Amino acid sequence: MVLLTLLAFSTLFISCFAQQLIKLSSFKGLRVHNEINVEAPFHMYLSAQSDSYSILRQIFLITEDGSTTLSSLTQYNGQINPFVVEKSVYLTTTLNDDVMKTLNGVIFISSKKKRADSCLGVYNIGHETGIGNDNIYVCTYLILNTSLNKYVISQWSQDPTSKAYLYAGIPQDSPEPENTQIFSNPVHTNEGDFYFYYVNDFSLSMTAFYVKRFNNVFFVIDQENSSNRVVNGSWTRDVTSTGFYMKPLGSADNTTIVNIKRDTKHTGFSGANVVGNLPNGGSVTVGFYGDGTKYERTVTPNTSITSWTIPYIERTFQVSSTNGKDGEYYVQYFVSEGSLNGSIVTTTSPPPSTTSKFRIEATTTSKFRIEATTRSTGLVRFVLSMATLMMFWL
């Protein structure tokens with residue numbers, strides 16, 4: 001009833017109590033004033049990589065200083081420059097609602113408190129881009145993906161004193177609930193926290209995710225293509241490494257296999273962390289398989305990590321789901337030579353090189369941007385952070 005009343009006055013108010021991610025398709029057309037009711041000043045970041053320029057040029061942000069078209073704010077790769085709102089803003093267009101509903105873009109709104117963070121970067125990814133090592137101890141990188149392609153993360157590198165946490169959705173003013181990350185290094189397990197030099201390349205398919213890092217962390221991100229695609233049946237980088245897999249919302253149940261590099265002369269341990277949301281009684285099965293041996297666990301994922309560890313290294317790791325099409329889940333797996341004793345996992349091989357072209361460029365991350373996105377949303381951290389605004393995501 002409230003929305004109907006507001007629409008009767010040709011004005012739609014969008015209330016934001018913290019950070020917010022708004023779909024362009026949720027805005028009304030036909031000259032409706034879509035008011036964004038946020039405590040000013042605040043920043044707006046546009047990601048609309050797959051939307052038509054000719055349509056975006058007909059959509060306007062109106063402030064006390066004048067009007068700006070969305071097409072003028074569109075950036076296709078690297079760190080996104082914010083649109084600064086000092087007092088108030090509304091979005092309006094002469095396009096009809098049917099045209100607006102075809103848009104894939106999003107607007108991230110950053111509150112005054114979040115803007116005060118010493119290091120917050122918002123990115124689109126259009127091509128291979130290095131991110132990290134900003135010479136600031138704590139930094140958050142929000143990656144927006146509206147390109148309808150997957151993103152691939154590779155060349156992950158960090159030293160043993162660093163920490164990195166990857167979350168689905170967008171950062172909020174308050175700290176993240178404990179153990180809700182979908183990937184981390186050190187890896188949090190039911191046996192303790194373990195640091196890994198080697199991180200296997202992995203892909204993500206969601207509209208928004210972010211990395212919160214402490215101390216030096218670096219990675220390369222790109223849109224998925226024929227040269228970087230993480231295929232089913234790929235190999236781990238080292239006998240001691242960690243990796244990641246996600247099943248996007250709407251994709252069918254399947255089985256993903258990772259071949260494990262190992263030395264049978266040495267023992268070790270393996271494991272997996274599962275996070276997610278599968279309605280309708282859905283479940284996820286993770287397992288390690290060898291010559292006539294198998295170790296499996298089936299879980300119903302939730303918003304905090306379910307961790308599982310075995311004292312063996314097998315030939316393959318596999319993950320599958322049942323009744324999972326209507327949900328989304330994330331799995332971080334890990335394999336290591338050596339015992340579970342101690343809190344740090346090291347490898348017999350040297351750490352990744354820090355002399356790549358990206359390593360040099362990454363000292364000035366502000367030069368980078370990012371652009372790409374899928375319609376899938378992270379139903380873990382993302383749902384929690386957006387619960388008060390779900391009506392705009394229907």
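Just so it is clear, none of the values below were taken in a lab; they were calculated from the coordinates. These figures come from a predicted structure and were not determined experimentally. In this analysis, Cβ positions are derived from the backbone assuming ideal geometry, glycine residues included, and neighbour counts consider all displayed protein chains.
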Fill in the blank from the handout: Under the rule rounded for a/c under 1.5, else prolate if a/b exceeds b/c, else oblate, using alpha carbon gyration tensor axes a ≥ b ≥ c, segment 139-187 is classed as oblate
Completion exercise
Any residue on another chain or 5+ positions along whose placed amide H is under 5 Å from the amide H of residue 29 is listed here as 97
Handout entry: Nonlocal amide H pairs with residue 59, under 5 Å, H built at 1.01 Å
Key = 70, 71
Completion exercise
Computed from the beta carbon distance with a Förster radius of 41 Å, FRET efficiency for residue 214 and residue 312 to the nearest 0.05 stands at 0.80
Exercise for the section: Assuming R0 = 25 Å, can you tell me the calculated FRET efficiency for the pair residue 300 and residue 193, based on Cβ-Cβ distance, to the nearest 0.05? Expected result: 0.55
Exercise for the section: Starting with the fewest neighbours, write out 308, 156 ranked by other beta-carbon atoms found within 10 Å of each beta-carbon. Expected result: 308, 156
Problem - Cβ-based exposure ranking for 84, 32, 286, in which fewest neighbours within 10 Å come first - result: 84, 32, 286
Handout entry: Whole-Hz couplings from phi, Karplus 6.51/-1.76/1.60, listed for segment 44-58; x for Gly and Pro
Key = 10, 10, 9, 10, 8, 5, 9, 8, 5, 4, 5, 7, 4, 6, 9
Handout entry: Extended-chain gain in nm, criterion 0.36 nm per residue less alpha-carbon gap, residue 255 and residue 161
Key = 30.3 nm
Problem - segment 255-277-segment 32-94 distance, computed between alpha-carbon centres (Å) - result: 45 Å
Completion exercise
Sorted by chain and then number, the residues having a modelled amide H within less than 5 Å of the amide H of residue 209, at least 5 places away or on another chain, are 143, 169
Exercise for the section: May I ask you to evaluate 6.51 cos²θ - 1.76 cosθ + 1.60, the Karplus curve with θ = phi - 60°, for each residue of segment 279-284 and list the ³J(HN,Hα) values in order in whole Hz, giving x for glycine and proline? Expected result: x, 6, x, x, 9, 10
Practice task
Starting at the first residue of segment 169-180, write each ³J(HN,Hα) from the Karplus equation 6.51 cos²θ - 1.76 cosθ + 1.60 with θ = phi - 60°, in whole Hz, x for Gly and Pro.
Solution key: x, 10, x, 10, 5, 8, x, 5, x, 4, 6, 9
